[in-house]
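Have a look at the structure below, then the notes.
Just so it is clear, none of the values below were taken in a lab; they were calculated from the coordinates. This structure is a prediction, so every number in the text was calculated from the model and none was measured. Glycine also receives a Cβ, built like all others from the backbone with ideal geometry; neighbour counts cover every protein chain displayed.
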Amino acid sequence: MAGVSVNPAQLRLSAGGKSQLQQIGPLLITHWGLSGPAVLKLSAWGARVLHESRYQAKLLINWLPDLPQEQVREKVLAVKDEWGKKAIALHRGVDLPHRLWQYIIARAGITTEDRWAEISSKTLNQLVQELTQGQYLINGKGAFKEEFVTCGGVNLKEVNFKTMESRLVPGLYFAGEILDIDGVTGGFNFQSAWTTGYLAGLAMATND
Ligand SMILES: Cc1cc2nc3c(=O)[nH]c(=O)nc-3n(C[C@H](O)[C@H](O)[C@H](O)COP(=O)(O)OP(=O)(O)OC[C@H]3O[C@@H](n4cnc5c(N)ncnc54)[C@H](O)[C@@H]3O)c2cc1C
């Protein structure tokens, strides 16, 4: 499904049994998994809980967040009534890319030959569940250096932000990624690196 995108999708992250972070926005399926602005933001806000849970977490995806679950069910039932003799794989009735629809129905236990009239209410419930809160397991994280920006770093309380000098070790200056600053992608990390680099450089050059 690489290249398939859905906008908006709603994502909910449950890590360590205590976190319920969520994001709504564009989701992109790549050759290695899920990406796109909603995924990157969720991964940024969830960085610490994901780390604490050793990257074992659950991701719930609502592929149709514009509709309440009941309306999704009504829509699916209407398609079943209208297109009883048609193959489910080819007549989807909801606004999702074809390849994604085929993947979702397979997860609900529907084969490419199954026709709408043939599916039981249990399978129909399963389909609605997959469409509105499909569960995906997160098991581990990407390889080192694949990440865009790293969460964590030198504690900001230990740094004088006028000069970027350490409050603990005089004469030691910090800038960029080494600080505990991580912005969403879009230029904020570059800006932080440039600004802190400028301040540190200026302070070091003028320090007697
Ligand atoms: C794929 C990718 C996409 C990104 N996209 C964005 C984006 O769209 N917007 C955004 O804002 N941010 C983005 N970032 C994040 C941004 O690039 C970093 O936050 C920023 O570059 C950090 O700057 P820095 O100077 O602190 O560190 P770096 O840019 O990592 O620079 C550190 C430098 O130190 C050198 N170095 C390391 N060890 C030593 C050593 N022992 N001796 C001498 N030199 C050493 C390294 O070779 C490197 O040149 C992206 C990052 C990645 C990886």
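Here are the numbers:
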{"read-out": "GLU177-VAL94 pseudo-label distance in nm [points 7 Å out on the Cα-to-Cβ vector]", "value": "3.9 nm"}
{"read-out": "Helix 69-82 vs. the chain, principal-axis angle (Cα, 0 to 90°, nearest 10)", "value": "30 degrees"}
{"read-out": "Per principal axis, descending, Cα span of the chain in whole Å", "value": "84, 29, 28"}
{"read-out": "Dipole magnitude (debye, nearest 20) for the range 1-147, charges at Cβ of Lys, Arg, Asp, Glu", "value": "360 debye"}
{"read-out": "Cβ-Cβ FRET estimate between ASN125 and GLN56, R0 fixed at 30 Å, reported to 0.05", "value": "0.65"}
{"read-out": "Helical contribution to [θ] at 222 nm, DSSP H n ≥ 4, -39,500 (n - 2.57), averaged over the chain, rounded to 500", "value": "-10500 deg cm²/dmol"}
{"read-out": "Unit charges at the beta carbon, dipole of the chain: most positive-side option, ILE119, LEU27, ASN155", "value": "ILE119"}
{"read-out": "Among ASN62, TYR103, GLY46 - extreme Cα towards positive end, dipole of the chain, charges at beta-carbon", "value": "TYR103"}
{"read-out": "Estimated distance in nm for a label pair at ASP81 and PHE188, the labels positioned 7 Å out from Cα along Cα-to-Cβ", "value": "4.7 nm"}
{"read-out": "Coil-residue trypsin sites (Lys or Arg not before Pro) of the range 138-208, DSSP, other Cβ within 10 Å capped at 11", "value": "LYS145, LYS162, ARG167"}
{"read-out": "Lysine pairs within the chain, Cα separation less than 22 Å, 8 or more sequence positions apart or different chains", "value": "13"}
{"read-out": "Between helix 98-107 and the chain: long-axis angle, C-alpha atoms, 0 to 90°, nearest 10", "value": "80 degrees"}
{"read-out": "Integer Hz, Karplus 6.51/-1.76/1.60 couplings in order for the range 50-65, x for Gly and Pro", "value": "5, 4, 4, 8, 6, 6, 10, 7, 10, 10, 9, 10, 9, 7, 10, x"}
{"read-out": "Ranked LYS80, LYS75, LYS58, criterion: other C-beta atoms within 10 Å, fewest first", "value": "LYS58, LYS75, LYS80"}
{"read-out": "Relative contact order (%) - criterion: Cα under 8 Å, at least six apart; region: the chain", "value": "17 percent"}
{"read-out": "Stretchable slack from THR30 to ARG48, in nm (0.36 nm times residue separation minus alpha-carbon distance)", "value": "4.1 nm"}
{"read-out": "LEU156-LEU137 pseudo-label distance in nm [points 7 Å out on the Cα-to-Cβ vector]", "value": "3.7 nm"}
